[in-house]
Amino acid sequence: MSPVKLQEFHAKTLLSRAGLPVPPYAVASTPQQARAQATAYLEDGAAAVVVKAQVLVGGRGKAGGVKLARTADEAEAVADAILGMDIKGITVRRVLVAPGAEIVRELYLAAVLDRGRQRILLMGSAEGGVEIETLAVEDPAAIIRVHAHPHLGLQPFQAREMAFRLGLGDHLKQAVDICSGLVRVMLEEDADLVEINPLAIVREDGPDGPAETLQLLDAKITLDDSALGRHPGHEQMRDLDEEDPADIEARAAGLSFIRLDGDIGCMVNGAGLAMTTMDLVKRAGGEPANFLDIGGGARSDKVAQAMRLILSDPSVRAILVNIFGGIARGDEVARGLVEARSRQTRSVPMVVRIVGTNADIAAEILKDAGDDIVSAESLDEAVAKAVELAGSAA
Amino acid sequence: MSILIDKHTRLLVQGITGREGGFHAGQMLAYGTNIVAGVTPGKGGQTALDGAVPVFDTCAGAVGATGADTSVIFVPAFAAPDAIMESLDAGIRTIFAITEHIPALDMIAVVAEVEARGARLVGPNCPGATTPGEAKVGIIPGSIHRPGRVGLVSRSGTLTYEVVQAMTDARIGQSTCVGIGGDPINGSNFIDMLELFAADPDTEGVVLIGEIGGGAEEAAAEWKRANMPDTPMVAFIAGRTAPPGRRMGHAGAIISGSGGTAEAKISALEGAGIRVAASPTQIPQMLIEAGIAPD
């Protein structure tokens with residue numbers, strides 16, 4: 001399981017569906033599409049369009065992934081430049097095209113889960129476009145915080161307080177709607193985070209001359225993976241193009257897996273113990289190739305699948321299996337290891353430490369499984385052996 | 001003595017006829033836990049665990065008939081918040097929620113209500129607690145424990161077992177071991193448990209097992225400094241080498257921006273006079289150095 005980070009255009013879909021003021025946008029995966037969309041906005045009166053790379057990594061603007069265009073030709077050219085661009089290792093496959101806005105002022109507004117206070121926290125800053133985490137360190141007083149009531153949610157007076165403190169007294173009704181709306185979207189969509197950065201006061205020409213309104217110019221939403229089951233549409237918003245194929249395979253198998261840069265593959269039950277095993281590998285002078293939690297009660301086929309995942313990384317030179325049986329049974333893990341072993345095409349030395357439930361049966365199973373399986377009693381011993389094996393295999 | 005549970009605990013198992021609930025109820029009973037009732041809606045009148053435990057349709061029915069005072073919840077995630085509320089409403093004062101993958105936002109109102117009624121919730125997504133030799137509630141293997149005078153509180157599951165085993169191997173027994181769970185919104189935090197340990201005359205020292213993410217370890221360090229300065233305490237933090245921005249299994253375990261790093265936690269703990277082990281196996285020796293005698 002892993003949380004679903006939404007692309008900007010998906011986040012905007014959820015926000016506009018909730019009735020919040022999201023300016024028009026379109027998504028293009030070819031320069032020609034971007035051109036057609038830009039043409040429509042320009043003909044509709046926009047002075048320019050903005051073309052934005054749709055990637056989940058931060059710093060798109062600095063990387064050159066956000067550009068203005070004043071003509072259809074220009075829009076096609078910048079879309080051509082951005083599509084296929086590499087931003088922090090991610091290839092841009094889609095761009096968002098939107099009419100350019102005349103920004104009067106930028107602000108920051110987000111609804112997040114506050115673990116310390118066990119409430120939904122609405123955070124605002126009169127300074128938009130900034131990294132909120134940087135601001136939290138450099139000028140924490142500049143962040144306005146309001147906690148939603150656990151039963152009643154964000155109440156109108158709280159939304160008004162946020163609006164006034166952000167200096168949005170001239171836009172009170174809209175600001176209150178947006179504050180309440182972010183919390184509502186968070187609750188309705190089961191999000192961990194709904195972030196608008198920037199929220200902007202935008203000047204537009206209306207029938208009675210120029211008018212200023214609040215608009216959600218950029219949006220970031222992260223969904224709680226535990227709640228995906230009750231939102232049938234959400235899983236489809238996961239951007240598989242931006243994920244390591246190993247992550248996708250791991251999720252399908254119900255494994256918690258993160259690929260890292262080292263050469264010692266780790267298979268552990270339990271997240272805390274898996275992190276600890278990685279820490280000890282590093283402390284012993286080795287480099288973990290992954291974080292992998294096979295979870296409680298893993299059956300042999302799941303273990304075999306986990307082993308295939310580890311071995312799919314060509315840089316793995318040794319494998320460390322550390323299982324503390326509780327719900328997980330040692331013999332099931334051992335059977336899975338043997339099964340995976342019988343099918344693997346490349347020989348990698350493996351250190352196995354299985355303690356707890358059915359560890360004795362596991363030892364019997366592994367005894368006959370092959371010379372390249374080294375057993376270990378303690379965690380420290382297992383780690384030392386794995387680091388040594390990886391070193392000698394290098 | 002101990003905290004949370006002991007031989008007088010009258011335990012109600014919610015979801016006792018399910019696969020997980022049934023298996024672990026059997027383990028708890030075998031450990032000697034006083035299980036007085038089970039609840040599965042629609043199966044009232046039956047018995048579980050080979051006739052050893054009566055099953056009721058509702059928590060209120062179970063509490064009325066058996067005087068249950070503590071519950072443990074094994075029901076699926078979608079039904080678990082409701083199970084907690086039912087237990088609470090039936091007058092149960094101590095609730096352990098083992099269930100994992102409960103949507104975080106569902107827990108906000110539940111946790112607030114538990115607090116408003118002056119009850120205690122441990123979890124969700126936690127392994128439960130053991131008071132060695134007296135009672136075990138949840139899924140921690142009973143065999144790893146040894147009765148003694150060091151309390152243990154942890155955010156992890158199997159890592160807890162590792163530490164308990166190391167303590168037991170070194171003849172350092174435990175008063176109570178409790179896992180508070182890895183979810184972002186949960187019922188009890190480190191400080192809630194430290195308060196109980198501080199008030200327990202038979203707990204002489206405490207082990208705290210934390211992990212990256214959030215600020216709970218830092219808050220616990222501050223509380224310890226102010227409220228139990230003389231109690232020997234050893235800590236361990238998992239995730240020293242975890243890369244920022246990647247969530248390590250638990251919903252809580254993520255380093256975001258400058259917050260939640262192992263370094264910040266270790267420095268706060270050490271600043272409060274708490275020894276921080278670099279490996280779980282160092283914990284027994286550190287406890288001895290802090291003044292805990294093996295028995």
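The values are calculated or read from the model by the stated rules, or taken from the named source; none is laboratory data. Values in this document were obtained by computation on a predicted structure and should not be read as measured data. In this analysis, Cβ positions are derived from the backbone assuming ideal geometry, glycine residues included, and neighbour counts consider all displayed protein chains.
Some points to look at:
- Top-ranked residue of region B:199-240 - restricted to ones that are facing chain A (nearest Cβ under 7 Å) and at pLDDT below 90, ranked as surrounded by the most Cβ atoms within 10 Å (Cβ to Cβ): B:G214
- Considering residues of region B:141-167 that are in a strand (DSSP E or B) and without any contact (Cβ under 8 Å) to a residue 60 or more places away in the chain only, the residue nearest to B:M248 (Cα to Cα): B:S154
- Some residue of region A:252-260 being away from every other protein chain (no Cβ under 14 Å), hydroxyl-bearing (S, T, Y) and either buried (at least 19 other Cβ atoms within 10 Å of the Cβ) or in contact with a strand residue (DSSP E or B) (Cβ under 9 Å, 6 or more places away or on another chain) (or both): no
- A:E388 vs. criteria assigned to a helix (DSSP H, G or I), charged (D, E, K, R), at pLDDT 85 or above and out of contact with any helix residue (DSSP H, G or I) (no Cβ under 9 Å at 6 or more places or on another chain): yes
- Residues that are part of a loop (DSSP other than H, G, I, E, B) and free of Cβ contacts under 8 Å to residues at least 60 places away in the same chain were ranked within region A:85-113; the one that is surrounded by the fewest Cβ atoms within 10 Å (Cβ to Cβ) is A:G89.
- Total residues in region A:114-129, condition free of Cβ contacts under 8 Å to residues at least 60 places away in the same chain and either within 12 Å of chain B (Cβ to nearest Cβ) or part of a loop (DSSP other than H, G, I, E, B) (or both): 9
- Among the residues of region B:168-184, the one identified as within 11 Å of chain A (Cβ to nearest Cβ), assigned to a loop (DSSP other than H, G, I, E, B) and more than 14 Å from the chain's Cα centre (by Cα) is B:P184.
- Set A:A159, A:A141: member being more than 22 Å from A:D177 (Cα to Cα) and away from every other protein chain (no Cβ under 14 Å): A:A141
- For region A:39-68, a residue qualifies if it is under 30 Å from the mean Cα position of the chain (by Cα) and among the small types (G, A, S), and the qualifying residues are A:A53, A:G58, A:G59, A:G61, A:A63, A:G64, A:G65.
- Note on region A:74-113: residues that are of a type in the set (D, E, K, R), under 28 Å from A:A142 (Cβ atoms) and more than 14 Å from chain B (Cβ to nearest Cβ) amount to 3.
- Residue within region A:21-40 that is of a type outside the set (D, E, K, R), crowded, with 20+ Cβ neighbours inside 10 Å and within 14 Å of another protein chain (Cβ to nearest Cβ) present: no
- In region B:111-135, the residues that are within 12 Å of chain A (Cβ to nearest Cβ) and surrounded by 24 or more Cβ atoms within 10 Å (Cβ to Cβ): B:L121, B:P124, B:N125, B:C126, B:P127, B:G128, B:T130
- Residue list for region B:61-97, filter: outside any helix (DSSP H, G or I) and touching a Pro at 6+ places or on another chain (Cβ under 7 Å): B:A97
- Here the strands (runs of 3 or more DSSP E) wholly within region A:190-280 that include at least 1 residues being more than 19 Å from the chain's Cα centre (by Cα) are A:191-206, A:209-216, A:264-268.
- Qualifying positions in region B:83-110 - over 16 Å from the mean Cα position of the chain (by Cα) and within 14 Å of chain A (Cβ to nearest Cβ): B:M85, B:H101, B:I102, B:P103, B:A104, B:L105, B:D106, B:M107, B:I108, B:A109, B:V110
- Some residue of region A:336-343 being within 14 Å of another protein chain (Cβ to nearest Cβ) and either hydroxyl-bearing (S, T, Y) or over 30 Å from the mean Cα position of the chain (by Cα) (or both): no
- Total residues in region B:106-140, condition part of a loop (DSSP other than H, G, I, E, B) and either touching a Lys or Arg at 6+ places or on another chain (Cβ under 9 Å) or free of Cβ contacts under 8 Å to residues at least 60 places away in the same chain (or both): 9
- Index of the failed condition, A:A359 passing every other in (1) more than 14 Å from chain B (Cβ to nearest Cβ); (2) surrounded by fewer than 21 Cβ atoms within 10 Å (Cβ to Cβ): (1)
- Condition check for A:I310: touching a residue at least 12 places away in the same chain (Cβ under 8 Å), touching a Gly at 6+ places or on another chain (Cβ under 8 Å) and over 15 Å from A:G262 (Cα atoms): no
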